[in-house]
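What follows is calculated from the coordinates using simple rules that are stated; it is not laboratory data. All of these numbers come straight from a predicted model, not from anything done at the bench.
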Amino acid sequence: MIRSMTAFATQQGNADTASWTWEVRSVNGRGLDVKVRLPDSVAALEAAVRASTGKVATRGTITIGLRLNRDQADGTLQIDPARMDVILEALDRVQERAFDKGVTLGQPTAADVLAQRGVLVMGQGQAADLSEQLMADFDSALAAMIEMRAAEGVSLLAVLTDQINQIETLTAQAVGAATARTEAVKTQMAAALARVMDTATGADPDRVAQELALLAVKSDITEEIDRLGAHVTAARDLLTAGGPVGRKLDFLTQEFNREANTLCSKAQDVDLTQIGLALKAVIDQMREQVQNVE
């Protein structure tokens with residue numbers, strides 16, 4: 001079964017004096033792009049979040065966010081010594097570099113240091129205790145998002161199947177129009193040959209016939225019809241196979257469009273031109289839908 005790349009899911013949880021909400025949002029993307037936004041106190045979960053996401057999704061831009069709230073009685077703000085050392089060492093290097101360049105900088109205050117991200121955090125003990133519960137709820141949100149992708153995929157499958165059926169029907173109509181056009185072209189070419197021979201002194205009948213035959217070959221759409229039929233079969237096979245087939249379907253729509261363009265350029269017939277334009281319209285609609293397929 002194919003899946004859509006568009007989905008959204010949330011999962012709420014709580015424990016003791018903390019509560020949280022996971023949000024997982026997925027939209028179209030050429031590849032898999034996972035964007036994670038976590039509070040500093042649980043930033044260590046990012047690797048696990050990315051790993052879990054990569055196991056169940058192959059394409060799409062997936063944005064993952066966590067809102068973590070703690071009661072005032074939960075604890076006090078604490079300084080992360082390791083993070084503060086990193087900030088202080090960076091400030092020291094800045095001061096030394098400025099001195100070497102002959103630039104005098106003001107000394108940073110304690111407030112400047114504390115304002116740096118990650119220096120002042122909530123107590124780490126409880127944050128670590130929440131990791132298992134947070135990941136369990138994230139897995140639930142991720143599963144709900146994938147389930148929504150699958151549900152959207154069912155709708156996409158119905159739409160794409162209908163569009164492929166329309167392409168097949170229009171291709172059959174093109175065959176009929178081309179057959180009718182062939183008889184008309186034969187008559188026109190015979191008349192043209194007669195006019196040329198009547199008005200052109202010394203014209204070589206064989207050479208004129210060859211030129212007319214070349215024109216007939218150039219207007220033949222047999223190859224385009226055959227390729228359109230092959231693309232219809234290939235598209236149905238991909239939809240039946242399911243899985244992450246969005247890229248292959250996108251390539252097929254480009255091939256569909258190429259054949260429809262060539263058919264229109266060779267048409268030389270009102271009915272066949274209209275069929276070609278109808279084909280292009282359906283193919284454009286199909287291409288828009290294919291952009292949603294994982």
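Which number comes out as Rg/Rh for region 248-294 once both Rg and the Kirkwood Rh are worked out on C-alpha atoms? Here Rg/Rh amounts to 1.06. Counting pairwise Cα distances across region 1-140, what percent come out greater than 18 angstrom? For region 1-140, the fraction of Cα-Cα distances above 18 Å is 65 percent. Specify the inter-centroid distance of region 49-65 and region 93-164, based on alpha-carbon positions, in whole Å. For region 49-65 versus region 93-164, the Cα centre distance is 13 Å. Of all aspartates and glutamates in the structure, not one has an alpha carbon short of 12 Å from that of K101, not counting any fewer than 8 places away in one chain.
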